[in-house]
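Q: Here's a structure for you.
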Amino acid sequence: MLNERIKPIVMPKWGLSMSEGKVTGWLKQPGSTISIGDELLEVETDKITNVVEAGETGVLRRVLGEAGTVYPVKALIAVLAEPDVPDDDIDAFISAYAVPASEDDGEAEAGPQYHTAETPAGTIRYAKRGEAGPTVLLVHGFGGDLDNWLFTIDALAEKATVYALDLPGHGQSNKQIADPSLSGLSKAVLGFLDTVGVERAHFVGHSMGGAVSMRTALDAPGRVASLSLIASAGLGEQIDHGYIQGFVGATSRRDLKPVLETLFADRGLVSRQMVDDLLKYKRLDGVDEALRALSASLFAEGRQASVLASGIADARTPTLVVWGEEDRVIPADHAQALANTAQVAVIPGAGHMVQMEAAGKVNALLKDHIAKAD
């Protein structure tokens, strides 16, 4: 069928709560030949501004999304097709295009997109996406929450059952942390898995979450099918303690914004909404105590208290290490700590939040690693 040669580019859905996005500018012009992974346009959401990458090849025949205009998720914003596809067919395709019914509509009727689990560590908020394939657990870093996986969770859920949780002290989970060590956080994660009925999972950990994932692989190896460590703590002593102290101590937008900019190679990705959301979190009862306890336990005297690289190298758990080359929080050369036993990828032009800044590349690496390790 001719329509199979016409490929729609639609407003993406990043994260569970996104319903619309604003086109802020196109990076490719009509007539450009497009390859998979090419950066097409920038989209602004209430969480973050990021680049939409091409998932298909072809010529950019029509651009419909206008800069400065807000479109619902899955709205048609451009069309790819080969040069020999007639313009009339492109016009007919655009005229006939209807925004597909969202799978989330059915999910919203069936239940909320965020869930809670009552665990030995208290109430844990989590999201679950996908219903088939291997089980994947996404573990965020210090001061983060499950929204750190905005660009990851749905991409992995195409071929996996994916859980993302708010660790104790974070997001909308219980703010009390009984044991603010890596072992304590690992026990909390295992308690969560027990509560939701998951025996074994592929762990994907970012920053502190990577160290928690490694601790779990060492303490409960039967529960960890593989490790994917993204800008991970636990592979060396160095860390930007100024970032940790700045994040813990920030009480205003002016204090917090430059701290958050440290996380990204492109400082412009730190939106006003991102800053405001984190300020709201930091003002919740119990958060300051939780963050200070974690900082004192894990990053005392400006260094990482636990270095787990040798144990992980000996454990032979299938491991992927991903880093942003411009990471200003944990040095990118820590990626080489497991170079002899793990797959290592250092991505140019990305910082500590590499899973956000280079989502397409990171997701491809994660999918390949999990498929091979399963």
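Q: Can you tell me which residue among Ile244, Ile239 is open to solvent by less than 20 Å² (accessible area, probe 1.4 Å) and within 20 Å of Gly324 (Cα to Cα)?
A: It is Ile244.
Q: What is the residue count in the range 38-77 for residues that are among the aliphatic types (A, V, I, L, M), open to solvent by 30 Å² or more (accessible area, probe 1.4 Å) and within 21 Å of Met18 (Cβ to Cβ)?
A: Within the range 38-77, residues that are among the aliphatic types (A, V, I, L, M), open to solvent by 30 Å² or more (accessible area, probe 1.4 Å) and within 21 Å of Met18 (Cβ to Cβ) number 4.
Q: When both residues are 6+ apart or on different chains and their Cβ atoms are under 9 Å apart, which pairs have a first residue that lies in the range 270-290 and is over 22 Å from Met356 (Cα atoms), and a second that is of a type in the set (Ser, Thr, Tyr) and surrounded by 14 or more Cβ atoms within 10 Å (Cβ to Cβ)?
A: These pairs meet every condition: Val287/Tyr281.
Q: Next up: Can you name the residue in the range 78-117 that is in contact with a helix residue (DSSP H, G or I) (Cβ under 7 Å, 6 or more places away or on another chain) and modelled with pLDDT of 90 or more and, of all such residues, is most open to solvent (accessible area, probe 1.4 Å)?
A: Within the range 78-117, the match that is most open to solvent (accessible area, probe 1.4 Å) is Glu82.
Q: I've got another one for you. Would you confirm whether any residue within the range 230-248 is aliphatic (A, V, I, L, M) and in a helix (DSSP H, G or I)?
A: The answer is yes; a qualifying residue exists.
Q: Hey, can you tell me all the residues within the range 49-63 that are charged (D, E, K, R) and part of a strand (DSSP E or B)?
A: Within the range 49-63, Glu53, Arg61, Arg62 meet the criteria.
Q: What are the residues in the range 118-135 that are open to solvent by less than 60 Å² (accessible area, probe 1.4 Å) and of a type outside the set (D, E, K, R), if any?
A: Thr119, Ala121, Gly122, Thr123, Ile124, Tyr126, Ala127, Gly130, Gly133, Pro134, Thr135
Q: Could you tell me how many of the residues in the range 316-374 are assigned to a strand (DSSP E or B), open to solvent by 30 Å² or more (accessible area, probe 1.4 Å) and within 20 Å of Ile239 (Cβ to Cβ)?
A: Looking only at that region, the number is 2.
Q: Could you please tell me which pairs satisfy a Cβ distance under 8 Å, a separation of 6+ or placement on different chains, a first residue in the range 24-43 that is in contact (Cβ under 8 Å) with a residue 60 or more places away in the chain, and a second residue that is among the aliphatic types (A, V, I, L, M)?
A: Taking only residues 6 or more apart or on different chains, the pairs are Gly37/Ala54.
Q: Can you say whether Arg267 is basic (Lys, Arg) and at pLDDT below 95, as far as the supplied structure shows?
A: Criteria met by Arg267.
Q: Would you tally the residues in the range 299-315 being open to solvent by less than 70 Å² (accessible area, probe 1.4 Å) and part of a helix (DSSP H, G or I)?
A: 7
Q: For Ile77, indicate whether it is part of a loop (DSSP other than H, G, I, E, B), farther than 25 Å from Glu261 by Cα and hydrophobic (A, V, I, L, M, F, W, C).
A: No, not satisfied.
Q: Suppose the filter is over 18 Å from Ser310 (Cα atoms), open to solvent by 10 Å² or more (accessible area, probe 1.4 Å) and among the acidic types (Asp, Glu); does Asp219 pass it?
A: In short, no.
Q: Separate question: Among the helices (runs of 4 or more DSSP H) contained in the range 146-222, which hold 3 or more residues that are modelled with pLDDT of 95 or more and farther than 27 Å from Ala296 by Cβ?
A: 182-196
Q: Now a separate question. Evaluate the following for Lys175: is it under 27 Å from Tyr281 (Cα atoms), in contact with a Leu (Cβ under 9 Å, 6 or more places away or on another chain), open to solvent by 10 Å² or more (accessible area, probe 1.4 Å) and among the basic types (Lys, Arg)?
A: Taking the combined requirement at face value, the residue satisfies it.
Q: Of all the residues that make up the range 44-97, how many are among the small types (Gly, Ala, Ser) and in contact (Cβ under 8 Å) with a residue 40 or more places away in the chain?
A: So the answer is 8.
Q: Out of all the residues in the range 266-281, which are open to solvent by 30 Å² or more (accessible area, probe 1.4 Å) and either outside any helix (DSSP H, G or I) or not hydrophobic (A, V, I, L, M, F, W, C) (or both)?
A: Matches in the range 266-281: Asp266, Arg267, Gly268, Arg272, Gln273, Asp276, Asp277, Lys280.
Q: Against the conditions (1) closer than 23 Å to Ala290 by Cα; (2) among the hydroxyl-bearing types (Ser, Thr, Tyr); (3) not in a loop (DSSP other than H, G, I, E, B), where does Ser226 fall short? Just the number, please.
A: (1)
Q: Check whether at least one residue in the range 200-209 is surrounded by fewer than 19 Cβ atoms within 10 Å (Cβ to Cβ) and on the phi < 0 side of the Ramachandran plot, and report yes or no.
A: Yes, there is a match, as at least one residue in the range 200-209 is surrounded by fewer than 19 Cβ atoms within 10 Å (Cβ to Cβ) and on the phi < 0 side of the Ramachandran plot.
The values are calculated or read from the model by the stated rules, or taken from the named source; none is laboratory data. Quick caveat: nothing in here was measured; it's all calculated off a predicted structure. Reconstructed Cβ throughout: ideal geometry from the backbone, glycine too, with neighbour counts over all protein chains shown. Accessible surface areas use protein heavy atoms only, side chains included; no ligands, DNA or RNA. Shrake-Rupley method; radii C 1.70, N 1.55, O 1.52, S 1.80 Å.
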